[in-house]
1. Probe radius 1.4 Å, ligands and nucleic acids left out: which of A:392, B:359 has the largest accessible area, and how do the rest follow?
2. Just to verify a number: FRET efficiency for residue B:121 and residue B:22, C-beta to C-beta distance, R0 = 45 Å, to 0.05?
3. Could you work out the helix-only [θ] at 222 nm for chain A, with each DSSP H run of four or more residues adding -39,500 (n - 2.57) and the total divided by the number of residues, to the nearest 500 deg cm²/dmol?
4. Please compute the modelled spin-label separation between residue B:322 and residue B:225, points set 7 Å along Cα→Cβ, answer in nm with one decimal.
5. Starting from 0.36 nm per residue, how many nanometres of slack lie between residue A:211 and residue A:29 once their C-alpha separation is accounted for?
6. List the residues of the range A:286-314 that lose 10 Å² or more of accessible area once all protein chains are present, compared with their chain alone (1.4 Å probe, heavy atoms only, no ligands or nucleic acids).
7. Tell me the carbon and sulfur percent of the accessible area for the range A:291-402, rounded to whole percent, probe radius 1.4 Å.
8. What is the sum of charges around residue B:298, taking Lys and Arg as +1, Asp and Glu as -1, for the other residues whose C-beta is under 11 Å from the C-beta of residue B:298?
2 protein chains.
Amino acid sequence: MKALGLVVEYNPFHNGHFYHITESKKETKADVVIAVMSGNFLQRGEPAIVSKWTRTKMALQSGVDLVVELPYAFATQKAETFANGAVSILEALHCHSLCFGSELGEISPFLHVNEFLIQKKEQYDMLIKQHITSGVSYPSALTSAFKELSNEEEMLDLSLPNNILGFHYVKAIYRQQANIKPYTIKRTSAGFHEQAFVSPTIASATSIRKALLSKEKPITQYVPKATFQNLGEYEQNYGLLHHWEHYFHLLKYTIMTMSNEDLFNIYEVEEGLENRIRKNILEAEGFQDFMERLKTKRYTWTRLQRLCTHILTRTTKKQMSYIGPNQESPYIRLLGMSQLGQEYLGTVKKQLVVPVISKLSTFQHPLLELDIKASHTYNMIFPEPLRSKTMKTEFATPPIRI
Amino acid sequence: MKALGLVVEYNPFHNGHFYHITESKKETKADVVIAVMSGNFLQRGEPAIVSKWTRTKMALQSGVDLVVELPYAFATQKAETFANGAVSILEALHCHSLCFGSELGEISPFLHVNEFLIQKKEQYDMLIKQHITSGVSYPSALTSAFKELSNEEEMLDLSLPNNILGFHYVKAIYRQQANIKPYTIKRTSAGFHEQAFVSPTIASATSIRKALLSKEKPITQYVPKATFQNLGEYEQNYGLLHHWEHYFHLLKYTIMTMSNEDLFNIYEVEEGLENRIRKNILEAEGFQDFMERLKTKRYTWTRLQRLCTHILTRTTKKQMSYIGPNQESPYIRLLGMSQLGQEYLGTVKKQLVVPVISKLSTFQHPLLELDIKASHTYNMIFPEPLRSKTMKTEFATPPIRI
């Protein structure tokens, strides 16, 4: 069986995702679809709108065969670390291809750029460092360095979010010498509009979340029926759809009871930032308010949100250091599978070099501790006894099967 | 002016406290009454039912002339440290007397016992150590050691909570060679019943809090009018009267996101206790539930509640170490004063060797940081913008004047 790998957040799963799965399967001629999905906290440094379990169900009901968790230590990171973790899991699961959405929609520039940068690595790294020292954010530094080095022909616009992720997937494949062939599918709205059937039914996950949280617009036309039902059930059972404001009191509490030393030990807290954080939290009356007070040119919004996530989960530099220099995941946490996914897992089982975890109690690793802590933090906002119940679920839930 | 010192919590101020002030003034022939009062967290390791500001108002409206704060580092401690901190403040304020309530009601046994124990100090300390090693709690060890050493004549029942506090006040006076004369007034219900006017109007603070929180019984007959009004205003303005269950989600969150190392760094967390805490918090659905799971013969309920308070405020062993071996307060935080209190402060001002703080921004000390943190934690349970407002109040409120 040929397995296609996808790197996803499904926050929530929508028609664009469904389109991507369908097209990717056609393109790669895969028999089975494996998604490595972020857990309860996402790359932009925010809580997922519904839990990883519900998002797993959505994925399985819409064509994914196997859902595994991208550990917190990779899921809440800049593109490079995120991609290294995700690719290492897909490689460990013997995927023959990885297909990502990108603004460009053609794979060859991604390959050329990576080959080109391997040749010019030293110059490239030095330029990035120079730009960061001059006070711009990491993504801007990367784009500028790249522009200065490359000529017209090799041009790939690395200021676009999906191009940059794609660039890092390909880079990770090269770096890990993975047996994975990269593919890409254009994912601009223009790209989607070419397909008659998707045209009135595609919206970004951001706009879908906005509509869901504000209750202003129906979302039925933009998501599969399974998504709609799962979101409804979640809100009914848990009383809410998660967003940062729900966690603000915990963030404020943590910051205001931490010493400067503790705060500085948190992952991504750089020299001087701890004073800025402490100064602004006292006045802030909500998360959005806090972020606006915190924001400077030097740090992107996303970077600061990730930082807040690490404070919220109390993730320290030391705890994150267990990702190691290779940035490859030491385990694969199974969240759910279809009949076909289970069969596939059976065929590769004997060749797996990384443990596949379907029950938390069977494996221990400092990075898995972070996943558990993130999950507990995510569930902390529920009232008792729902809080305790969902926390125990994290240990007791077997992988979802459909 | 002769100043009488009292060590109080006023949680809340009731008729028994009023009786104690009146009798103490008669007994000591004092002109002015100074109360050193615990802040927002109390000796039994629980949040005060209303803030220190409201409790200060109650005290001033019922006959106290000067209210100063017993710092968190002393207020949430076993009797010995609590007493050392309190006595050091009363001594610094030039009180000529300290009058405490006790089950015994006679001062001479308190003096004799202290003199006696100074003579037998080594034996006494060794016996206490032996008892603790055998697995009993600190208060039990103290009582047993004392019983084994003393003869009938010197007998003072140190298993009674107010006797033991009184014993430590006197001990602290001896230790600090303070110019304070100790007095005591009997405070059993029998003692109160002898006074015709108080008989149907006295109830313990515990039973008053219980009636307040359950809303089952009116409390008007047990408290001065000022207390009743202040409690009503507080509940109206802040929407609640504080108790531990309000803080349980923060306690659970802190424990579940702390590493074992962090937990072990918390003040009063002993070897092995961190595992017991961690194991029980996942299942616990409320504070009472958690405490019942945590309780063993070795630790008193109060000791464990104090421990939970330190976890809640994230107070570390290192932070507490600033109380130093002398256990004397390095500052005096002024909470409120009457006209007379202000005059008294004027007369002693030039002889003060410890700074008197009426504005937080004017003084810095690691122990004052703990008071601020405790206050922020106390206010954390309010919704925004009330939360931010009360937090800023801590910095902005000048001492209350009546």
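1. On the way: A:392 70, B:359 115 Å².
The most accessible residue leads, giving B:359, A:392.
2. On the way: r = 37 Å, r/R0 = 0.83.
Taking R0 as 45 Å, the efficiency between residue B:121 and residue B:22 is 0.75.
3. Values: 20 runs with 207 residues, N = 402.
The helix contribution divided over chain A gives -15500 deg cm²/dmol.
4. Simple spin-label model gives 4.3 nm for this pair.
5. Working: separation 182, 0.36 × 182 = 65.52 nm, distance 3.53 nm.
Using 0.36 nm per residue and subtracting the Cα-Cα distance, I get 62.0 nm.
6. The answer is A:312, A:314.
7. Values: 2790 of 4990 Å².
Exposed carbon and sulfur together represent 56 percent of the surface.
8. Values: positive: B:276, B:295, B:297, B:303; negative: B:270.
Value of the local net charge: +3.
The values are calculated or read from the model by the stated rules, or taken from the named source; none is laboratory data. Just so we're clear, the structure is a prediction, and the values are computed from it rather than from any experiment. Neighbour counts are summed over all protein chains in view; Cβ atoms, including those assigned to glycine, are modelled from backbone coordinates with ideal geometry. For accessibility, only protein heavy atoms count, side chains too; no ligands or nucleic acids. Shrake-Rupley method; radii C 1.70, N 1.55, O 1.52, S 1.80 Å.
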